[in-house]
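Chemist: Provided herewith is a single structure, encoded as structure tokens, for subsequent inquiry.
The values are calculated or read from the model by the stated rules, or taken from the named source; none is laboratory data. Remember, predicted model here, so these are calculated numbers, not experimental data. Here the Cβ positions follow ideal geometry from the backbone for every residue, glycine too, while neighbour counts run over all protein chains shown. The accessibility values were calculated without ligands, DNA or RNA, using every heavy atom of the protein model including side chains. Shrake-Rupley method; radii C 1.70, N 1.55, O 1.52, S 1.80 Å.
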Amino acid sequence: MLLPVINQSRHALPEYQTAHAAGLDVRANLTEPVTLKPLQRALVPTGLFVEIPVGYEMQVRPRSGLAYKHGIGIVNSPGTIDADYRGEIKVLLVNLSDQDFVVQDGERIAQLVVARHETVQWQPVSTLSETSRGASGYGSTGQQ
Ligand SMILES: O=c1ccn([C@H]2C[C@H](O)[C@@H](COP(=O)(O)OP(=O)(O)OP(=O)(O)O)O2)c(=O)[nH]1
Ligand SMILES: [Mg+2]
């Protein structure tokens, strides 16, 4: 897919790091580093503006390496970039570790996944089809 993009950051466009990666690693675009204290969050700019085709969305997902090594997650994970959004893509990072974490300019902070989505029209009904699961959930099938 060709994706229209305006890059107002100082960095190269997000790239797939391997041949069949789902996510494009996106970099922080900062004039100075941002320090996240434990449990602190920050809306980190990317300097990127995109025009996603109708029927698609862009998901802003965490990077597992940052999560595992530093406890860095995304508060609203996965973030949703709508097809009609024309603003800057931002990443809502949170520090879930017990130590300060410094986000550096140019650091790969998240990955962007473009995906199709459906648009529904509601069909109000009074009954739903029966299944063996029924209304059971929240661990109803056990742990092992
Ligand atoms: O991680 C994110 C999530 C959202 N957005 C932008 C694009 C998205 O299209 C817009 C709105 O996001 P969302 O619908 O998740 O937020 P909201 O709280 O429902 O805001 P709104 O009332 O503007 O829809 O904000 C980002 O830049 N990064
Ligand atoms: Mg919304």
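Chemist: Which trypsin sites (Lys or Arg not before Pro) in segment 104-135 sit in a loop by DSSP (not H, G, I, E or B) and have at most 15 other Cβ atoms within 10 Å of their own Cβ?
Modeler: Numbers: sites: Arg108, Arg116, Arg133; in loops: Arg133.
Sparse-neighbourhood loop trypsin sites (Lys or Arg not before Pro): Arg133.
Chemist: At a 1.4 Å probe radius, which order do Lys90, Lys69 fall into by accessible area, largest first? Kindly include the intermediate steps, with their values, before the conclusion.
Modeler: Details: Lys90 90, Lys69 150 Å².
These residues rank, largest area first, as Lys69, Lys90.
Chemist: Using the Cα centre of the chain as origin and beta-carbon charges of +1 (Lys, Arg) and -1 (Asp, Glu), tell me which of Val125, Val54, Leu96 is placed farthest towards the positive end of the dipole.
Modeler: Of Val125, Val54, Leu96, it is Leu96.
Chemist: For segment 65-128, which whole-number percentage of the solvent-accessible area (1.4 Å probe, protein heavy atoms only) is attributable to carbon and sulfur atoms?
Modeler: The value for segment 65-128 is 50 percent carbon and sulfur by accessible area.
Chemist: Multiplying the sequence separation of Ser126 and Ser140 by 0.36 nm and subtracting their Cα-Cα distance, what value in nm do you get? Walk me through the numbers on the way to the answer.
Modeler: Values: separation 14, 0.36 × 14 = 5.04 nm, distance 2.54 nm.
Length difference between fully extended and current span is 2.5 nm.
Chemist: Calculate the length of the line joining the C-alpha centroid of segment 1-69 to that of segment 98-127, in whole Å.
Modeler: So the separation of the two Cα centres works out to 11 Å.
Chemist: Around Pro33, with a cut-off of 10 angstrom between Cβ atoms, what is the net charge of the other residues, counting Lys and Arg +1 and Asp and Glu -1? Could you put the intermediate results ahead of the total?
Modeler: Details: positive: none; negative: Glu32, Asp105, Glu107.
Here the count lands on -3.
Chemist: Compute the accessible area per residue over the chain, keeping the other protein chains in place, probe 1.4 Å, unit Å².
Modeler: On the way: 10190 Å² over 144 residues.
That works out to 71 Å² for each residue.
Chemist: Report the GluC sites (Glu not before Pro) located in segment 1-69 that are in a DSSP loop and have at most 14 other Cβ atoms inside 10 Å of their Cβ, or state none. It would help to have the intermediate numbers written out before the result.
Modeler: On the way: sites: Glu15, Glu51, Glu57; in loops: Glu51.
When the GluC sites (Glu not before Pro) of segment 1-69 are filtered for loop state and at most 14 Cβ neighbours within 10 Å, Glu51 remain.
Chemist: I'd like the Kirkwood hydrodynamic radius of the chain, using the inverse of the mean 1/r over distinct C-alpha pairs, in Å.
Modeler: Every distinct Cα pair counted, the radius reaches 17.4 Å.
Chemist: While we're here: Taking every pair of Cα atoms in segment 61-144, average 1/r, invert it to obtain the Kirkwood radius, and report Rg/Rh to two decimals. Spell out each step's value before the answer.
Modeler: Values: Rg = 19.3 Å, Rh = 17.1 Å.
My calculation of the ratio gives 1.13.
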